[in-house]
Amino acid sequence: MKNIRNFCIIAHIDHGKSTLADRILELTNVIHTVSKEPSLDSMDLERERGITIKAKAVRIPYYARNGQDYILNLIDTPGHVDFSYEVSRSLKACEGAILLVDASQGVEAQTIANTYLAIDAGLTIIPVINKIDLTNIMLDDCYLQLDEMLGIPSEDVLRVSGKLGTGVPELLEAIIERIPPPQGSPDEPLSCLIFDSAYDSYRGVLPHIRIFAGSVQRGDRIMLKSTGKVFEVDEVGYFSPDPVVGQKLGAGEVGYLTATIREAGDVHVGDTIISAKHPNTPAIPGFRHPQPMVYCGLYPVISNDYGKLTAALEKFQLNDSSIVYEKESSGALGYGYRVGFLGMLHMDITLERLKREYELMLIATMPSVVYKIITTKPEELYVDSPSKFPEPDRIDHIEEPIIRARVIVPMEFVGPCMELADSKRGSLIGMEHPDGKRVVLIYDFPLAEIITGYYDKLKSVSRGYASVSYDLMGYQPGDLVKVDILVKGTKVDALSYIAPRETASTRGRALIHKLRKLIPRHQFEVSLQAAIGKKVVAREDIVPIRKDVLAKCYGGDITRKRKLLEKQKEGKKLMKMVGQVEIPQEAFLSLLKLEE
Amino acid sequence: MRGLYIHIPFCVRKCAYCDFYSLAGRQHLVPAYVDALLTEARSYAGLSFQTLYLGGGTPSLLGDRGLRRLLNGLHQVFDLSGLAEATIEVNPDSATTALLETARQKGFNRVSIGVQSLRDGELNSVGRVHNAAQALAALAQAKATGFASISADVIIGLPEQNWGTLHSTIGKLVHMGVQHISAYCLSLEPGTPLAADPPANLPDDDAQAELFHRACSFLESEGFVHYEISNFARPDHECQHNLNYWRGGAYLGLGPAAASHLNGRRFKDRDDLETYLRNPTGLVEDVEILNAEAKAAEEAMLRLRLLREGIDVRALATRFGRANTQGLTRRLREMAMRGCLVRDSTRYVLPADRVLVSNSAFAEVLGD
Ligand SMILES: Nc1nc2c(ncn2[C@@H]2O[C@H](COP(=O)(O)OP(=O)(O)O)[C@@H](O)[C@H]2O)c(=O)[nH]1
Ligand code: SF4
């Protein structure tokens, strides 16, 4: 066990984590050829968005300069702001972390947030400046930032080029020397942490585990601590990077097991696996159930696809137990699901994947946070959708979730970032100046403001230089009202939204204006209204269409005509009928795009 | 009733809006093309037709010799003794006296003139090769030649067109004595120069609709019947050949891009002149055979264009079988209830104010 090292790489997107991991795998002959695709993150979509959601672990045999054989376990950590709990669980599985910083970019907010998590978890940090082969690097700034922001002395910092391999052998040696070996006895009862899981249609849920004490092998009876459910182990093994079936996993080791666990809901990241023989083995601290922060309605465009959507969500949850869903029905959209996500990005990616991998045409409604409503009774309600709001006269007051955000931004963009924060109801808590070039802005925001286009806006006002991390702080009362949208006199529940009283009407007007452009002209006039309670705050009318007809018959080519009509009809199928009005899918998300 | 359509894919120059299959500057191929048409015709030898329509392209580019040779050939291959209507499309710049007289001699009793507008500016703006004076001359000549029916094509929505200019064009046509007017709304067809670079002064859809509705009222007040979405005729001057299309009738189309409907089968010749010249019978493609239910729905969709006749569900049920028209009948009934159609016992027609917004009705009649 003293020759095992468990570590992860903390890095901002594009700072070179995957490239460095590949270089390490090549140097240690785990992979032989220079593969074009980085080995750690496998999902195309994530590559497109530049993030890794699913952590995995690779076992790396390493023959060190001191003549000894080591086993390095490289555990992947998600890099995005929505996944801090998942990150904390991956960190928990390690004794050390490589803090990787792009020499041309410097330290970013999420990296700092994750480094703090690592320090809090007692990990040894190996600071590494990457991409030193580049010419436009700012080494001194990086040193200064590491020192000022994280208290890391310059002499501890390694310099590498993941691309060329420069400094990587020294990094491997540093991993051996600096990171302590895992503790824990193989003779104690089993205690292991689930830091990730995957799903395999033959073998069921496949938890990725780190063993802290005891050992596990085929035939063992194990128990999931949070539920008390017992399973028999079918197989244990590890990834290198393909799965390798092993005899046994012992204290300090990292790998996976299978135990014919069919319900994804049984396996939660952060849960502890113990031996069924020792049910009183304590849980590894820090476990919590996934806590969705953002909810939206998901509806099939074609109502017959409801079953397909159900199956897709079920399957999806097998690989990502952090999404939650329950049945929902909407007057406008029919039957669908209310789905909860860890954050906006998690939502975007999940929706994309549902559409792509399951070939589903989906309508997603405006994302909503979970509001706390104190009724006049009084009682406390947690409400994840505007349509579930009680009648106004039953509401005493509404509270909304607040987050504390750390925004790191180069000096020259501080102004626009602060303006953006103002427009998003941010309140400035503090400012730090780590290195004379960048500013750390600490803001409290209503989460609702962050999920409606904040990231994209922040990136655009800072030309991509600002980065942000956040923590949930709790609930605060807000002067909020529900705005209803009426299309031709019919309330469209899926378009209702919650807004602060002072901006509710302005937003209503903007939304109505946007909808007027999105909803096609019909054969009759379509009125659009925004209303707070009974009071109409905005109105526009879509005038009837005057021309929509196929003209000349092309030498009697009826087939072509019919096909044109059928194509047009296909287009219509993508719209939702509300009363007699056809509403295109984009309309349901248009509140997000008001500022464009 | 069976119609014969012959496509003449030649034009002096391509108009800016045109996506019909026709090629500019290939008139030297006319003799070879007539041979090819006759070769294709022979593969259907012995068929009889009640209407003939020579369309294009620009059929007047056949010239009097080409036209004579074509008609002589057709008479040998087909039984044209029962021909009730024979139309030739001509463009003003090539509608020579010799051509019109030859047409008359060869049995054409109807001529359709590509007038489009009687304003030189409007004609110019979309690249038409003729001017207003030529159009008027062609009309006069057609009249003098003694055609029983003269039709003029008019485009609605030309750049800078307004009711004043459109009114003057249509007014003159009526005054000149045409018995039939086809009024098409200009549309930006993908791939055409007009769509690639639409002029700023193009009337938008609303303006087009306005022009169209005014043209309708005017023509109706002049005694024309609005019998099909784009077509107006004095009583008994409706185009029989086109009516047959909308009534789901049979027709044979010869030439590249010509479509046919024979024995319930729809097919067309690929739009490829060069190959056609080499192998006139080898271009048949897109063969489509619909089941009776779809066929009934298709015919209903077509008949909806006939603003007076419309759809008679009883007649359809008799022809296609009640089982195959049940769904259709239900759709029609529902549409009538919503005001999308007007019902008169078993007959359904488009409401007059929905003529220009009929696509959704067509689509709905077609069903899923
Ligand atoms: N010049 C240079 N580029 C690098 C280096 N490491 C990574 N890159 C580039 O930086 C980009 C992001 O690298 P990647 O490993 O995918 O980053 P990740 O998002 O952190 O996994 C890619 O275009 C890499 O080719 C390096 O050491 N030097
Ligand atoms: S004359 Fe007719 S067929 Fe020829 S290019 Fe012009 S519009 Fe097209």
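Bear in mind these aren't lab numbers, they're just calculated from the coordinates by the rules spelled out. Remember, it's a predicted structure, so these values are computed and weren't measured experimentally. Positions of Cβ are generated from backbone atoms using ideal geometry, with glycine treated the same way; all protein chains shown enter the neighbour counts.
Annotations
- For segment A:493-596, taking Cα atoms only, Rg and Dmax work out to 17.5, 61 Å respectively.
- Partner aspartates and glutamates whose Cα lies under 13 Å from the Cα of A:Lys163, excluding those fewer than 8 positions away in the same chain, are identified as A:Asp14, A:Asp22, A:Glu26, A:Asp102, A:Asp133.
- Residue (of B:Gly25, A:Val254, B:His75) at the positive-pole extreme of the protein assembly as shown, dipole from beta-carbon charges: B:His75
- Restraint check, A:Lys17/A:Lys92; B:Lys143/B:Lys268; A:Lys17/A:Lys248; A:Lys459/A:Lys572, Cα-Cα greater than 25 Å: B:Lys143/B:Lys268; A:Lys17/A:Lys248; A:Lys459/A:Lys572
- Net charge of the neighbourhood of A:Val267, taken over other residues with C-beta under 12 Å away and scored Lys/Arg +1, Asp/Glu -1, is -2.
- Measuring r between the beta carbons of B:Asn279 and B:Ser217 and using R0 = 35 Å, the FRET efficiency lands at 0.10.
- Set the Cα radius of gyration of segment A:188-241 against 2.2 N^0.38 Å, with N its number of residues, and you get 1.12.
- Working note: 222 nm ellipticity from helices only, DSSP H runs with n ≥ 4, each -39,500 (n - 2.57), summed and divided by the residues of chain A, gives -7500 deg cm²/dmol to the nearest 500.
- Remark: segment B:2-244 carries a charge dipole of roughly 1000 debye about the Cα centre, counting +1 on each Lys and Arg Cβ and -1 on each Asp and Glu Cβ.
- Share of alpha-carbon pairs per 10 Å distance bin for segment A:220-323, given as whole %: 12, 34, 31, 16, 6, 0
- Ranking B:Ala84, B:Gln179, B:Ala296 by how far each Cα lies toward the positive end of the dipole of chain B (charges on Cβ) leaves B:Ala84 at the top.
- Spatially, segment A:213-241 and segment B:341-368 are offset by 67 Å when compared through their Cα centroids.
- According to the Kirkwood relation over distinct C-alpha pairs, the hydrodynamic radius of chain A is 26.5 Å.
- Out-of-range pairs (alpha-carbon distance over 31 Å; input A:Lys355/A:Lys437; A:Lys277/A:Lys372; A:Lys355/A:Lys567; A:Lys277/A:Lys327; A:Lys225/A:Lys482; A:Lys229/A:Lys355): A:Lys355/A:Lys437; A:Lys277/A:Lys372; A:Lys277/A:Lys327; A:Lys225/A:Lys482; A:Lys229/A:Lys355
- When every Cα-Cα distance of segment B:293-368 is counted in 5 angstrom steps from zero, the calculated P(r) takes the values 3, 19, 33, 28, 13, 4, 0 percent.
- The average projected area of chain B, computed from the convex hull of its Cα atoms over all directions, is 17.7 nm².
- Highest GNM mean-square fluctuation among B:Val154, B:Val287, B:Val115, for chain B modelled with Cα contacts below 10 Å: B:Val287.
- Selection from A:Leu309, A:Ser104, A:Ile152, by position along the positive dipole direction of chain A (Cβ): A:Leu309
- Between 0 and 90 degrees, the angle of helix A:168-178 with respect to the longest Cα principal axis of chain A falls at about 70 degrees.
- Per chain B, cysteines lacking a partner by the 4.7 Å Cβ criterion: B:Cys11, B:Cys185, B:Cys216, B:Cys239, B:Cys340
- Unit charges on C-beta of K, R, D, E only; dipole of the protein assembly as shown, Debye: 3520 debye
- Ordering A:Glu326, B:Glu220, B:Glu122 from the fewest to the most neighbouring beta carbons within 10 Å gives A:Glu326, B:Glu220, B:Glu122.
- Cα centroid of segment B:71-112 to Cα centroid of segment B:164-187, whole Å: 24 Å
- Distance from segment B:245-268 to segment A:346-421 (C-alpha centre basis), Å: 59 Å
- The shape of segment A:191-275 comes out rounded: with a ≥ b ≥ c from the C-alpha gyration tensor, a/c is under 1.5.
- Candidates B:Ser22, B:Ser187, B:Ser112: whichever shows maximal mean-square fluctuation once chain B is modelled as a Gaussian network with Cα springs under 10 Å: B:Ser187
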